[in-house]
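Visitor: Take a look at the following structure, please.
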Amino acid sequence: MPADPNTGSTAASSAAPPARLAQKALADLPWEVGVAKPDPAMVVDKVTRTFGGLTAVSVDHLEIQRGGITGLIGPNGAGKTTLFNLLTGFDQPNTGTWTFDGKSLGRMSPHQVARLGVVRTFQLTKALSRLTVLQNMLLGAQGQSGESFLKALVPGTWRAQEKANTEKAMDLLRRFKLDAKKDDFAGILSGGQRKLLEMARALMSDPKVVMLDEPMAGVNPALTQSLLGHVKDLREEGMTVVFVEHDMDVVRDISDWVVVMAAGKVIAEGPPESISQNKAVVDAYLGAHHDAPLTNEEEDRVLAEAEAAIAREEGVAPGGTTPETISSEKDKP
Amino acid sequence: MSDLIDALLIGVKSGLGFQAIFFALLAIGINVHFGYTGLLNFGQIAFAMLGGFGIAISVSQWGLPFWVGVLVGIAAAVVLALLLGLPTLRLRADYLAIVTIATAEGLRLLFRSVSATPVTNGTRGLSAFNQSFIALAPWDTQTRYRILGTSWSGGELWVAVVGWVLVALSCLLVWALMRSPWGRVLKAIREDEDAVRALGKNVYNYKMQALVLGAVFGALGGMVYAVGTGSAIPDQYQNANTFLAYAALILGGAARVLGPVVGSIILLFILQFADTFLRALISNGVIPDALLSSTDVAQIRFVLVGIGLMLLLVFRPQGIFGDRREVMLDAR
């Protein structure tokens, strides 16, 4: 399938060199949590979500730069997907406010958020299996008059719109190399094709913010490249992209800004190159008590200590103290 | 041999009579709910009962004209659909199933209860409300007519003709809706609600519209049944009818416009044919009395339908009209 893995990226780079305005705008910001961005599209303030005793998300302040690609990373269970659900109305937080373009999204249902121009994809791809690929695409179009019950009965009211939407859908399908599959059921597509379809479907609604939940999960490397190209294209078209991803190479490659979450909190943010040096991030991924790689002297010292300890134990054991302490422990009532 | 032909003819008549229309309309409603939108409505008969009693109570008890009764029946079904949908459609699909099955049983018990007797006449039900409708027939309703070897009274024929016109109009409506973008949203909801929400559609509204539309088809079915039998008795509206309508829908093919109609015709034909033919064979002594007595036939025919459905699901899971590719996607 999408045979040429490089199409997306070459298309982007063969045009005028990507401006990456967001990257420039973000270049001088301090690398600290909750830093204010020059032109935030989304602002999250004191949002918490608890499930019983577990605090899944507790974000103090987070701003997402307009027109940039923001990568959201963190170990499993860090609350990335929960934050996505909160931002898109699929879940409601216990406290906090969050706005898009200055408009509060609190208490909004998912379809209202989507109509504002914030569309998302899902970690487990939701292709609508028993609809054709083209029908999947058409569903993404907004403001369709044929979707109201009464107007649906008068084809004259929606024919022209449907035709325009179909053309738009075919353009997108060609871009995503799915046009040959337009009349197939979405259920027979491969996992990678479903990811492509879901992204293309989201684009049918002309979104302002695209939120991608693990767009590359379970996708072969060649297709990953093509997906990456598509995500970069979104930025070229002026969309704001937020995506969750585990593959650090991908994150480093495309994001302008990276937000790291762990245990529900934002623990670091900054440009991608800053993240791998950040102690909090390394702690979150590898555990707080990790050690730097051992040098030769250290290794010798550790070995010597271990040998000394063993020698002590052996010296003590014949004296019978150890068994005795054990038995005396045992005898205690 | 003449027994076989007789049984076939009686079966054909049953497959074209008002009972087949009743099941066809129920199944068309269930098709909108289950086939297209993925709503599990296990109490379609409740809407039919409200339709039937809407006419019966309006005409017999309140003295209103027949057509006002039709409107009352439809309005009652719409109200019930809204009441059932409001609390459950925000929840998972199972909740609607629980609520509808309980309502169907509860409403029937309410209608046959002693306290409801002043309105519904309790277990004896209401009658004598269909004269003004039968009187509209353009032919003499007292004489009997022979059509292709089957014998119909004028009244039966009139109910059947009007009923099939109703079925045809319903199919036309479903066809027009399901090829429109509105229908596309319904089918998408059947596949995955959350994906549809993420694309900016108000899923709750669409599910409610679908529930009400299917309920109106159910109410029309109940009206045809009440007018066809000339009486409205609560115990006619057993919830087993809902499941027979589901059987008809699956037999014909879900999410197909003509699936429920053809399924109902075939279901009624098989039930009646099996009944008549088995009885004939028993009275002829072809089937020995020790093996099967004529009192068992009423049950045996349902066993035959069950076996038939099982064979269908093994060899043609998509039903008669369904698309095999579509059904096979579920297995993945």
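What follows is calculated from the coordinates using simple rules that are stated; it is not laboratory data. Given the structure is predicted, the values throughout are model-derived calculations rather than measurements. Here Cβ is always computed from backbone atoms with ideal geometry, including for glycine, and neighbour counts include all displayed protein chains.
Visitor: Summing -39500 (n - 2.57) over the DSSP H runs of n ≥ 4 in the protein assembly as shown and dividing by its residue number, what mean residue ellipticity at 222 nm do you reach, to the nearest 500 deg cm²/dmol?
Guide: Per the formula, -17000 deg cm²/dmol.
Visitor: Answer with one residue from A:Gly143, A:Leu197, A:Asn278: the one whose Cα lies farthest towards the positive end of the charge dipole of chain A, charges on Cβ with Lys, Arg +1 and Asp, Glu -1.
Guide: Highest projection toward the positive end goes to A:Gly143.
Visitor: Exactly which trypsin sites (Lys or Arg not before Pro) in region B:1-98 are in a DSSP loop and have at most 16 other Cβ atoms within 10 Å?
Guide: Those satisfying the criteria are B:Arg90, B:Arg92.
Visitor: For region A:151-207, place one equal point scatterer on every Cα, skip the solvent, and apply the Debye formula. What is log10 of I(q)/I(0) at q = 0.28, 0.30 Å⁻¹?
Guide: -1.11, -1.19
Visitor: Around B:Thr88, what is the net charge, scoring Lys/Arg as +1 and Asp/Glu as -1 over all other residues with Cβ under 11 Å from its Cβ?
Guide: With Lys, Arg at +1 and Asp, Glu at -1, the neighbours total +2.
Visitor: Mean Kyte-Doolittle of at least -0.5 plus a Cα span of 24 Å or more along the axis: flag which DSSP H helices in chain B meet both, please.
Guide: Answer set is B:66-88, B:93-111, B:154-178, B:203-229, B:259-284, B:297-315.
Visitor: Would you work out the relative contact order for chain A, in percent, from Cα pairs under 8 angstrom that are 6 or more residues apart?
Guide: 25
Visitor: Still on this model: What is the antiparallel percent of DSSP beta bridges lying wholly in region A:119-249, to the nearest 5?
Guide: 10
Visitor: Considering only DSSP beta bridges whose two residues both sit in chain A, what percent are antiparallel, to the nearest 5?
Guide: Bridges in chain A that DSSP calls antiparallel: roughly 60 percent.
Visitor: In addition: Strictly greater than 35 Å: what percent of every Cα pair in chain A meets that?
Guide: 36
Visitor: Taking only Cα atoms and a 10 Å spring cutoff, compute GNM fluctuations for chain A and point out the largest among A:Val231, A:Val259, A:Val154.
Guide: Maximum fluctuation in the GNM of chain A, among the listed residues, is at A:Val154.
Visitor: Further question on the same structure: Which residue, chosen from B:Gly43, B:Gly308, B:Ala274, occupies the Cα position most advanced towards the positive end of the dipole of chain B, where the dipole is computed from +1 (Lys, Arg) and -1 (Asp, Glu) charges on Cβ about the Cα centre?
Guide: The residue sitting most towards the positive pole is B:Gly43.
Visitor: Which is farthest toward the positive dipole end of region B:2-331 among B:Gly15, B:Gly200, B:Phe111, measuring Cα position about the Cα centre, with Cβ charges +1 (Lys, Arg) and -1 (Asp, Glu)?
Guide: B:Gly200
Visitor: Assign one of three labels to region B:198-332, namely rounded, prolate or oblate, based on the Cα gyration tensor with a ≥ b ≥ c the square roots of its eigenvalues; rounded applies when a/c is under 1.5, prolate when it is not and a/b is larger than b/c, and oblate otherwise.
Guide: oblate
Visitor: Around B:Thr276, under 9 Å between beta carbons, what's the net of Lys plus Arg minus Asp minus Glu among the other residues?
Guide: -2
Visitor: If you take every DSSP beta bridge fully contained in the protein assembly as shown, what fraction is antiparallel? Give it as a percent rounded to 5.
Guide: 65
Visitor: Among residues other than A:Lys151 whose Cβ falls under 14 Å from its Cβ, what is the net charge (Lys/Arg +1, Asp/Glu -1)?
Guide: +1
Visitor: I need the shape label for region B:2-331. Rule: rounded when a/c is under 1.5, else prolate if a/b > b/c, else oblate, with a, b, c from the alpha carbon gyration tensor.
Guide: oblate
Visitor: Then there's this: Give the shape of region B:1-81 as rounded, prolate or oblate, defined through the alpha-carbon gyration tensor: a ≥ b ≥ c are the square roots of its eigenvalues, a/c under 1.5 means rounded, and otherwise the shape is prolate if a/b is larger than b/c and oblate if not.
Guide: oblate
Visitor: Report, in debye and to the nearest 20, how large the dipole of chain B comes out about its Cα centre when Lys and Arg carry +1 and Asp and Glu carry -1 on their Cβ.
Guide: It works out to roughly 700 debye.
Visitor: Anything over 27 Å Cα to Cα? Flag those among A:Lys37/A:Lys232; A:Lys24/A:Lys177; A:Lys126/A:Lys168; A:Lys265/B:Lys201; A:Lys126/A:Lys232; A:Lys208/A:Lys279, in the order listed.
Guide: Where the Cα-Cα span goes over 27 Å, the pairs concerned are A:Lys24/A:Lys177; A:Lys265/B:Lys201; A:Lys208/A:Lys279.
Visitor: Here's something else I'd like to know. Identify which of A:Arg175, A:Arg194, A:Arg120 has the largest mean-square fluctuation in a Gaussian network model of chain A, with springs joining Cα atoms closer than 10 Å.
Guide: Looking only at A:Arg175, A:Arg194, A:Arg120, the biggest GNM fluctuation is shown by A:Arg175.
Visitor: Mean-square fluctuation check for chain B, GNM, Cα pairs under 10 Å: which of B:Ser115, B:Ser170, B:Ser60 is largest?
Guide: Among B:Ser115, B:Ser170, B:Ser60, the largest GNM mean-square fluctuation belongs to B:Ser115.
Visitor: Debye calculation, C-alpha points only, no solvent: report log10 I(q)/I(0) for the protein assembly as shown at q = 0.07 Å⁻¹, in the same order as the q values.
Guide: Computed log10 I(q)/I(0) values: -0.63.
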